[in-house]
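The values are calculated or read from the model by the stated rules, or taken from the named source; none is laboratory data. As the structure is a prediction and not an experimental result, all values here were calculated from the model. Methodologically, a virtual Cβ is constructed for each residue, glycine included, from the backbone with ideal geometry; neighbour enumeration extends over all protein chains shown.
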Amino acid sequence: MTNGYSDTVAIQPSLADVQRAGFPIGGEPLVALDLVDTLMTVTDPPTDLLADPHRAAAWWALQVPRLPEGRTPDPVATRRLRAAIRDVLDAHLEGRTPQDTSVEDLNAAAAAVPTSPRLLAGGGSATRWHTEHGGNAALAAIAGEAIRLLADADRLPKLRRCANPACSMLFLAERRSRQWCASNVCGNRVRVARHYERTHGGDES
């Protein structure tokens, strides 16, 4: 880390910013959800949207304002944490038990960088992320988000998978009526498909 401290207000990127960077969805309240949505599991094989280094750099740049300062995480470690978070969230939605390795990887990432509150001389406080003995502060913060979400009885019921069967994206439905990962992506696709079905349903030619 450059200074070992973090006291910034979390500012999530907008959906428009994320889509301009080449990602179909993003700007969720939690970086953990934005991270899992960088892997499209409905394609065969799954599509890793962070596989391209330039696109990955753009994604991390968008997340910087709401993560502790420090070096960009290693791609292998990022993919491992992403897989763990995806499995525990999918397990919740599917009513099954997550894999033991997923739980272990999630806990290990969160514990790799301890934090402590620090009083600032000019007033106020900040969180210090202790990276002195290794670990990545960004991944630890993301893992912590996922753990807190799973333990939040009020927020966890808002976790949903996109209603489009051909989409794997996850999101928090802050509005009860939200069904799609993004209305200008899957929302439009489903509306177009429904319109086609209504207008061509009886056409057997």
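Summary of values
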{"read-out": "Long-range neighbours under 6 Å by Cβ, at least six apart or interchain, first residue modelled with pLDDT under 95 within the stretch 158-182, second polar (S, T, N, Q)", "value": "Ala163/Gln179; Ser168/Thr41"}
{"read-out": "Leading residue by the ranking (surrounded by the fewest Cβ atoms within 10 Å (Cβ to Cβ)) among those in the stretch 96-138 that are modelled with pLDDT under 95 and within 13 Å of Ala77 (Cβ to Cβ)", "value": "Gly134"}
{"read-out": "Selection from the stretch 6-51 of residues that are β-branched (Val, Ile, Thr), surrounded by 13 or more Cβ atoms within 10 Å (Cβ to Cβ), within 25 Å of Arg128 (Cβ to Cβ) and modelled with pLDDT under 95", "value": "Thr8"}
{"read-out": "Selected residue [under 24 Å from Leu156 (Cβ atoms), at pLDDT 95 or above and crowded, with 19+ Cβ neighbours inside 10 Å] from Leu89, Leu62, Leu93", "value": "Leu89"}
{"read-out": "Those residues of the stretch 95-153 which are hydroxyl-bearing (Ser, Thr, Tyr) and in a helix (DSSP H, G or I), in sequence order", "value": "Thr101, Ser102"}
{"read-out": "Residue within the stretch 71-81 that is in contact with a Ser or Thr (Cβ under 6 Å, 6 or more places away or on another chain) and either under 26 Å from Thr131 (Cβ atoms) or surrounded by 16 or more Cβ atoms within 10 Å (Cβ to Cβ) (or both) present", "value": "no"}
{"read-out": "Given (1) of a type outside the set (Gly, Ala, Ser); (2) over 17 Å from Leu30 (Cβ atoms); (3) in a loop (DSSP other than H, G, I, E, B), number of the condition Asn188 does not satisfy", "value": "(3)"}
{"read-out": "Among residues of the stretch 154-185, those that are assigned to a helix (DSSP H, G or I) and either touching a Cys at 6+ places or on another chain (Cβ under 6 Å) or not hydroxyl-bearing (Ser, Thr, Tyr) (or both), counted", "value": "5"}
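To keep it simple, each residue is scored yes or no on (1) acidic (Asp, Glu); (2) touching a residue at least 12 places away in the same chain (Cβ under 8 Å); (3) under 22 Å from Phe23 (Cβ atoms).
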position: Val76; (1), (2), (3): no, no, yes
position: Gly95; (1), (2), (3): no, no, no
position: Leu106; (1), (2), (3): no, yes, no
position: Ala111; (1), (2), (3): no, yes, no
position: Gly123; (1), (2), (3): no, no, no
